[in-house]
Amino acid sequence: MSDRQSWLRGLPPVHALLADERVRDSAIGLTDGVITSVLRRHLATERAAILGGSPPNEDLVGAVAAELDLINGKRTARVINGSGVVIQTNLGRAPVSAATASAMASVAASYIALETDLASGKRGGRGREVEVLMRALTGAERTLVVNNNAAAVMLVLAALAIDRQVVVSRGEAVEIGGGFRIPDVLRQSGAHLVEVGTTNRTYVRDYEAAITDETAAILRVHASNFAVLGFTARPELSDLAELSHRRGIACIEDVGSGCLLETETFGLDHEPTLAESIAAGVDVVCASGDKLLGGPQAGLIIGSAEVVGRVARHPLARALRADKTCLAGIAETLRHYARGEAESEIPVWWSMSRTPKWLEQRARGWASKLGRGVEVVATESVVGGGSLPGKTQPSFGIALHSASCGAAQLAAILRTGSQPVVPRIINDSVVIDARTVLAEQDAQLLEAVRSALAGVGDSASA
Ligand SMILES: *Cc1c(COP(=O)(O)O)cnc(C)c1O
């Protein structure tokens, strides 16, 4: 009891917190209203915690300063990805190309002819650029862009199959990443799931036997982040499309990544492409914009003019529609494919197309500049982001050794520096994989590593 009282009495008043140098530094430029709101709330939370029996936060000033820094945007938002995972959902998935970033910034800061035909002055179509590009690249008659692929699948099911049945292979009624479960998405959309086949083997005849008057569609889901190996069977996409059309229902595919290039070229397994799905006769394909497409977050709904048109007319389409920066970003990203320059311009493809020899040279260059305590190591990088599960690419990186601190601690120092670096830990050493560090980040990386090593008292000299 007396503990609590002395803790409460020990809480600083607002003006004392305000007088602290760290707090004052972090608060530069903010309004008095915002600063006092942050201080008061921290003090109130602290008081409530003490009354609840918890000891006081020993670094209240640190917590207040950290929140003010966040409000002030003091830390760089840019993180160097040394994890060896090219499409890393925790790090914001695909970084967009420089041209894409500038196209997005340019439309964000201006009025644009988003829904106006400038020639006639009449109302014009939204997303026409993306549609024309997508048609040229995949053969899809029509494209609709929404917030993300989860929204795309939800919208397509709601528009085509509400209160009706959708046939899905038992092996595909799965969970794909945080919170995206096919059975739940179907339920939310108002469609009824009919599972057919078995976890490892499903045949066209299984789908056919399940089709009734109540059936609206067959849904095919790409196993984006897991692989079923061994005794497996899965119908050809074209056979499912043919069956759907013969029975007068829709063939829907959730392909996940939305790949436009042949992944085999880079020593990886085949990842289905959007063009293949359209050629197979699928009515409507849903894909992400920020996985292998390499653009901003988006859900792409592509397919026949008739079916995508029905989807576009559903009221949910208005609620889930992409904004002007997203549409400009997807269009600019698609232009790189149209010009055959994806590997040099789109960061995820730049990373995936680096050869082991090139990566080894890059890592050697870093090591020679960093000096002692840094060693070049062979690694395996992965595509990630729900693409090509279990498949790796040979890569190289640098391993950092510190005489005075362990791997986990050194990794934490790298992550929390003024230029954060996210490394990986392999066999108890901190490794920065050369494949995922962006082309223009060498100098920042070296600077960040030097200051991390200096921080733990190990000097790496040039
Ligand atoms: C990633 C993925 C999703 C979810 O896409 P988001 O763009 O993250 O919403 C849905 N289905 C499949 C098959 C996926 O791979």
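The values are calculated or read from the model by the stated rules, or taken from the named source; none is laboratory data. These numbers were taken from a predicted model, which means no experiment stands behind them. Note that each Cβ is placed from the backbone with ideal geometry, even for glycine, and that neighbours are counted across all protein chains shown.
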- Query: Just checking, how many residues over the range 297-349 are part of a helix (DSSP H, G or I) and of a type outside the set (Lys, Arg)?
  - Reply: 32
- With 289, 340, 303 as the choices, which residue is closer than 21 Å to residue 167 by Cβ and of a type in the set (Gly, Ala, Ser)? 303
- Query: Quick check: anything in the range 330-347 of a type outside the set (Ser, Thr, Tyr), more than 16 Å from the ligand (Cβ to nearest atom) and more than 25 Å from the chain's Cα centre (by Cα)?
  - Reply: no
- Can you tell me how many residues in the range 256-296 are modelled with pLDDT of 95 or more, near the ligand (Cβ under 10 Å from one of its atoms) and outside any loop (DSSP other than H, G, I, E, B)? 3
- Query: In the range 183-237, how many residues are away from the ligand (no atom under 16 Å from the Cβ) and either within 15 Å of residue 170 (Cβ to Cβ) or surrounded by fewer than 18 Cβ atoms within 10 Å (Cβ to Cβ) (or both)?
  - Reply: 29
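For (1) assigned to a loop (DSSP other than H, G, I, E, B); (2) of a type in the set (A, V, I, L, M, F, W, C), each residue gets a yes or a no:
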{"site": "199", "(1), (2)": "yes, no"}
{"site": "216", "(1), (2)": "no, yes"}
{"site": "220", "(1), (2)": "no, no"}
{"site": "230", "(1), (2)": "yes, no"}
- Go over the candidates 128, 123, 142 one by one and state the one that is in contact with a helix residue (DSSP H, G or I) (Cβ under 8 Å, 6 or more places away or on another chain) and more than 16 Å from the ligand (Cβ to nearest atom). 142
- Message: Pull out all pairs, ordered by first then second residue, where Cβ-Cβ is under 7 Å, the residues are six or more apart or on different chains, the first lies in the range 242-255 and is part of a helix (DSSP H, G or I), and the second is of a type in the set (D, E, K, R).
- Response: 243/208
- Message: Yes or no: the range 159-182 includes at least one residue that is in a strand (DSSP E or B) and surrounded by fewer than 18 Cβ atoms within 10 Å (Cβ to Cβ).
- Response: yes
- Subset of the range 387-433 that is out of contact with any strand residue (DSSP E or B) (no Cβ under 9 Å at 6 or more places or on another chain) and outside any loop (DSSP other than H, G, I, E, B) - its residue that is surrounded by the most Cβ atoms within 10 Å (Cβ to Cβ): 413
